Amino acid sequence: MERIAAAQQTNHLIRHPTLTPAKPQRNDGAIPLTSLGPILIASPHPDDETLGCGGLIARCAKLACSITVLAMTNGEASHPGDRVWQEKLGNIRKNEQYSALKMLGIAEPDVVSLGLPDGGLELLGEEQCELIEARILELMQAREIRTVFVPAVDDCHSDHRVTARLLAAVALSHPVEYFFSYQIWPPEERSPWVVASEYEYLLDITDLISLKREAVYQHRSQLNAIDPVHNEGFRMPEALLEAKLKNQESFAWIRDISAWSQ
């Protein structure tokens with residue numbers, strides 16, 4: 001954390017695209033994007049990284065900043081069906097994720113897929129979690145990750161919450177430079193200890209919003225019926241698209257990972 005404070009004290013001298021604090025009264029200096037990489041973005045389902053961080057990814061791609069997407073699941077549970085269908089849907093969604101990242105400017109997307117059960121992360125046992133954390137740590141060390149983006153720990157989707165806590169456990173034992181969260185499904189009420197552990201930032205993506213929209217639309221299986229047999233299932237609500245296709249993306253730097261992830 002000392003390194004974060006030191007970086008903030010010198011930020012006024014840096015002329016790079018920045019994450020600007022959402023609350024001016026808490027402005028201690030913006031964090032320059034060029035200091036974040038290599039970056040790991042944890043995505044519980046294919047599309048979460050695009051919805052939550054699409055503009056950030058595009059901005060970092062323009063800056064030639066290394067980005068790895070950690071795909072926790074293949075999103076195979078978004079539409080009901082048998083095991084064969086689930087496997088096919090998982091492959092469809094993986095391809096959509098890859099296409100979206102290319103649309104955002106990453107020529108050769110670095111996606112590491114864990115293939116965990118979609119909708120079942122809450123059911124993971126302690127030993128399974130330890131193995132997953134060890135694999136994530138190995139990945140982070142191999143990529144020399146300095147910054148991590150995870151879903152909000154109080155997101156309404158259980159897969160998102162578990163993903164946040166798994167990455168937090170790794171960061172607590174092997175600290176990174178920066179640990180950020182992004183929110184997809186906000187809760188009706190936020191816990192005071194979570195809010196107290198966060199420092200909010202906004203990223204202006206006005207010049208990238210059309211690119212992000214095109215990337216979101218690569219996730220066709222989540223926007224329209226896939227085929228006549230499997231036309232029932234999840235579709236992105238208009239309210240979610242409206243919220244995630246605005247001219248700013250919201251993030252929170254986690255100042256106290258332990259308190260935030262309890």
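Among the residues in segment 54-71, are any within 22 Å of His157 (Cβ to Cβ), in contact with a Gly (Cβ under 6 Å, 6 or more places away or on another chain) and crowded, with 18+ Cβ neighbours inside 10 Å?
The answer is no; no qualifying residue exists.
Condition test on Leu101, is it touching a Gly at 6+ places or on another chain (Cβ under 8 Å) and either farther than 22 Å from Arg165 by Cα or surrounded by fewer than 19 Cβ atoms within 10 Å (Cβ to Cβ) (or both)?
Values: touching a Gly at 6+ places or on another chain (Cβ under 8 Å): no; either farther than 22 Å from Arg165 by Cα or surrounded by fewer than 19 Cβ atoms within 10 Å (Cβ to Cβ) (or both): yes.
Criteria not met by Leu101.
Report, by residue number, each residue of segment 186-217 that is under 15 Å from the mean Cα position of the chain (by Cα) and surrounded by fewer than 16 Cβ atoms within 10 Å (Cβ to Cβ).
Residue satisfying the conditions is Pro186 alone.
Under the condition of being modelled with pLDDT under 90 and within 24 Å of Leu241 (Cβ to Cβ), which residue from segment 75-92 is surrounded by the most Cβ atoms within 10 Å (Cβ to Cβ)? Give the steps one after another, and end with the answer.
Filtering segment 75-92 down to residues modelled with pLDDT under 90 leaves 75-90.
Restricting the remaining residues to those that are within 24 Å of Leu241 (Cβ to Cβ) gives 75-80, 89-90.
On the way: Gly75: 28, Glu76: 24, Ala77: 19, Ser78: 25, His79: 23, Pro80: 12, Leu89: 23, Gly90: 20.
Per the stated criteria, the residue is Gly75.
Do we find that Gln141 is farther than 18 Å from Thr68 by Cβ and polar (S, T, N, Q) in this structure?
Details: farther than 18 Å from Thr68 by Cβ: no; polar (S, T, N, Q): yes.
Here the answer is no, as Gln141 does not meet what is asked.
Restricting to segment 203-225, and then to whatever is modelled with pLDDT under 90 and of a type outside the set (S, T, N, Q), can you tell me which residue is farthest from Gly55 (Cα to Cα)? Lay out the reasoning, then the answer.
Here is the first cut: in segment 203-225, the ones modelled with pLDDT under 90 are 220-225.
Still in the running and of a type outside the set (S, T, N, Q): 220, 223, 225.
Values: Arg220: 19, Leu223: 20, Ala225: 26 Å.
In this case the residue turns out to be Ala225.
For every residue, the table says whether it meets (1) of a type in the set (Gly, Ala, Ser); (2) outside any loop (DSSP other than H, G, I, E, B); (3) modelled with pLDDT of 95 or more; (4) out of contact with any Phe, Trp or Tyr (no Cβ under 7 Å at 6 or more places or on another chain).
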{"site": "Gln8", "(1), (2), (3), (4)": "no, yes, no, yes"}
{"site": "Arg15", "(1), (2), (3), (4)": "no, no, no, yes"}
{"site": "Gly29", "(1), (2), (3), (4)": "yes, no, no, yes"}
{"site": "Ala58", "(1), (2), (3), (4)": "yes, yes, yes, yes"}
{"site": "Cys65", "(1), (2), (3), (4)": "no, no, no, yes"}
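On the given criteria, is Ile92 in contact (Cβ under 8 Å) with a residue 12 or more places away in the chain and in a loop (DSSP other than H, G, I, E, B)? Give the derivation first.
Numbers: in contact (Cβ under 8 Å) with a residue 12 or more places away in the chain: yes; in a loop (DSSP other than H, G, I, E, B): no.
In short, no.
Of the residues that make up segment 134-149, is at least one buried (at least 20 other Cβ atoms within 10 Å of the Cβ), modelled with pLDDT under 95 and within 17 Å of the chain's Cα centre (by Cα)?
Kept after step one, since they are buried (at least 20 other Cβ atoms within 10 Å of the Cβ), are these residues of segment 134-149: 136, 140, 145, 147-149.
Restricting the remaining residues to those that are modelled with pLDDT under 95 gives none.
No; the residues of segment 134-149 include none that is buried (at least 20 other Cβ atoms within 10 Å of the Cβ), modelled with pLDDT under 95 and within 17 Å of the chain's Cα centre (by Cα).
Name the residue that is nearest to Leu223 (Cα to Cα), counting only residues in segment 32-53 that are assigned to a loop (DSSP other than H, G, I, E, B) and touching a Gly at 6+ places or on another chain (Cβ under 9 Å).
Within segment 32-53, the subset assigned to a loop (DSSP other than H, G, I, E, B) is 36-38, 44-47.
Among the residues that remain, those that are also touching a Gly at 6+ places or on another chain (Cβ under 9 Å) are: 44-47.
Values: Pro44: 18, His45: 14, Pro46: 13, Asp47: 11 Å.
Ranking the qualifying residues of segment 32-53, first place goes to Asp47.
Suppose the filter is of a type in the set (Lys, Arg), closer than 15 Å to Arg59 by Cα and surrounded by 14 or more Cβ atoms within 10 Å (Cβ to Cβ); does Lys244 pass it? Full working, then the answer.
On the way: of a type in the set (Lys, Arg): yes; closer than 15 Å to Arg59 by Cα: no; surrounded by 14 or more Cβ atoms within 10 Å (Cβ to Cβ): yes.
No: the conditions fail for Lys244.
Scan segment 248-255 and tell me whether some residue there is surrounded by 20 or more Cβ atoms within 10 Å (Cβ to Cβ), farther than 22 Å from His79 by Cα, at pLDDT 90 or above and acidic (Asp, Glu). Spell out how you get there, then give the answer.
In the first step, residues of segment 248-255 are kept if they are surrounded by 20 or more Cβ atoms within 10 Å (Cβ to Cβ); the result is 249, 251-252, 254.
Then drop every residue that is not farther than 22 Å from His79 by Cα, which leaves 249, 251-252, 254.
Of the ones still in play, those that are also at pLDDT 90 or above are 249, 251-252, 254.
Then keep just the ones that are acidic (Asp, Glu); that gives 249.
Yes; the residues of segment 248-255 include at least one that is surrounded by 20 or more Cβ atoms within 10 Å (Cβ to Cβ), farther than 22 Å from His79 by Cα, at pLDDT 90 or above and acidic (Asp, Glu).
Only one of these conditions is not met by Asp159: (1) of a type outside the set (A, V, I, L, M, F, W, C); (2) touching a Leu at 6+ places or on another chain (Cβ under 6 Å); (3) surrounded by fewer than 15 Cβ atoms within 10 Å (Cβ to Cβ). Which number is it?
The single condition Asp159 does not satisfy is (3).
In segment 112-133, how many are buried (at least 18 other Cβ atoms within 10 Å of the Cβ) and not in a helix (DSSP H, G or I)?
Adding up the residues that qualify gives 2.
The values are calculated or read from the model by the stated rules, or taken from the named source; none is laboratory data. Since the structure is predicted, the reported quantities are computational estimates derived from the model, not experimental observations. No Cβ is skipped: glycine too gets one built from the backbone with ideal geometry, and neighbour counts run over all protein chains shown.
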